[in-house]
Structure formats: C-alpha cells, structure tokens
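The next block holds one structure in the form of structure tokens; read it before the comments.
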Amino acid sequence: MPREDSTRLSQTISGLKASEQAMYLYERIERVESRKEPQDIQPAEVAVSRVIPAGTGIDHISLGLDGHPADSAKYRSDLEKLVKSLEWALETGHDQKEAYEKVEKKIRQRDELIDDTRDAFIFTFVGREMRAGRPLLKYRMDPNPAFKPLNRSAALFSRVKGYIWIDEETSQMARVEGQVIQDISFGLFLGKIYKGSSFMQERYEMAPGLWLPTFSEYDFDGRKFFSSISIHEKTFYSHYRRVGPPSETLPIIRAELARLGASSMNAQGTDP
C-alpha cells in the first residue's frame, strides 16, 4: 500500500476508535426496522427508542413511531429509572468498579479489533465517488492470507470481504460494506452465519472531527442450534446529543423530569 494510503488508513482507524467511545457519551434516537426478507418493502416490525449512555451501560427508552413518547406516564417512569441508574453509577462501591471494568474491557476489545483490520485486509484503491458534495475515496477490502489472528473475533476477518469509503478531506470512514464469503461458526459451533450474508453502515460528521453512524443494514441468514435464523434489520440513527459521563448526564435528565412535572401541573391547572 502506498505511504499516503497507509497514513490515511491509520487516521481512519483512530477516528473509528474515537467514534466507538463517543457512543458512550452521546444520546441518540434509533429506529430499527425488521423485515422477514431483505426485499420486503414494508417492515414486519418497527421499534423506536431514545438511547442514553448511563455510565455502566446504555439505556433504551421506548418511543412512538413518530419519535415522541407514546405514553407520558411510562416515559416519565423510564426517566426516573434512568436517574436511579445514573445515581448508582456515580457511587464508588465494589459493584460499580466491576461494572466499569466490564465496559472498559469491552471498549478495549473493540479497539483491538479495529486495529486488527489494518493487517487483516489488503486495501486496494478503486476510485473517487461524491456524496453530499464531498469526495470519498473507495477501497476494496480483501482478506490478507498473511494475517495471523490472535483471537476468534479477529479470525472472522478471513471470511469477509467488502469495500470502505473514506472522506478525502478528513480521512474518516464514511461508509463500509461487507459480505460473508465463508460460513462463520459461533457459540462453540452451535450456530452459524451463512455465506452470502451482508452488512453495511453509513457515517456522517455529527460534531467537529467526529463521524457517527446514521444508517446500518444487516442481512444475516444462518442457524442456531437446530433452528434457522434470519436477521434483516435496518437501523436509522438521529438526534445525536452529547450528554457526557453520568456526572453530566444526571443533571440533564433531572432537569427534563422537572420540566415534565411542571408541564403536567400546568396542564392540570387549565382543566375546566
């Protein structure tokens, strides 16, 4: 790979790791559409949720299909539960320490996996494409036969090929597409993802220098134990807002609850 492309790829990898960590600091709305078959126009099921980082995990609060609370009482109850989770996350006990260590381990493993992509694939420049007025550099990704994975997760790269689009100005990943080229076993070989399954993701700049997912699509077919599995999901991400760690998120949610309480009292006061 030319030195210029190698340097750009290093910047892309750094940006990806930063965006993964940011998902624990930014709230968003996620709309998940599930289909029985990938070609189905209408989804069989739609779930919309407000996704809020809670320090030791990610909280999902259900919304209506329009992206607004469908049940005000339940929505308030969910926020109150979130407040308790944030308060718990701010304590300094043994349980909290273990919970944070699990999150840190998950992020570390994710970062290592992203780092592995540099050696796991051979990147070949294909050409330039325009998206929303910005030039993207397209690269083909082929499994690198010389790659020696150190764990089972990294070993999966040898069974995937695809394309990656990198924003020319910022070197951030704008899009990725992948296809399974060999069956992938999981769960001590009790499950399998079949060859031909595919995935893709689109990313845009949501804050200066920070590119986050706006759309993902997964089309996986396989089996688990002795049953067939079929996952055909489209996820739309929107309304990103930085809420920070629990120490910053907690006052934000408390203030929202206070406003909801005031609105409820005002509404009651106007009843005839």
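Tabulated data
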quantity	calculated
Answer from S216, S171 - the residue that is assigned to a loop (DSSP other than H, G, I, E, B) and open to solvent by less than 20 Å² (accessible area, probe 1.4 Å)	S171
Filter result for I164 (farther than 18 Å from S198 by Cβ and either open to solvent by 60 Å² or more (accessible area, probe 1.4 Å) or of a type outside the set (S, T, Y) (or both))	no
Within region 123-159, tally of residues that are over 21 Å from I184 (Cβ atoms) and of a type in the set (G, A, S)	3
Region 1-41: number of residues that are modelled with pLDDT under 95 and touching a Gly at 6+ places or on another chain (Cβ under 7 Å)	0
Condition check for S247: outside any loop (DSSP other than H, G, I, E, B), exposed (fewer than 14 other Cβ atoms within 10 Å of the Cβ), touching a Leu at 6+ places or on another chain (Cβ under 7 Å) and at pLDDT 95 or above	yes
Single condition K17 does not satisfy, out of (1) out of contact with any strand residue (DSSP E or B) (no Cβ under 7 Å at 6 or more places or on another chain); (2) open to solvent by 50 Å² or more (accessible area, probe 1.4 Å)	(2)
Filtered residue count, region 183-213, keeping only those that are buried (at least 18 other Cβ atoms within 10 Å of the Cβ) and either among the β-branched types (V, I, T) or in a loop (DSSP other than H, G, I, E, B) (or both)	3
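The values are calculated or read from the model by the stated rules, or taken from the named source; none is laboratory data. The structure displayed is predicted, hence computed values, not measured ones. With ideal geometry, Cβ positions are generated from the backbone for all residues, glycine too; neighbour counts draw on all protein chains shown. We work out accessible area using only protein heavy atoms, side chains counted, and drop any ligands, DNA or RNA first. Shrake-Rupley method; radii C 1.70, N 1.55, O 1.52, S 1.80 Å.
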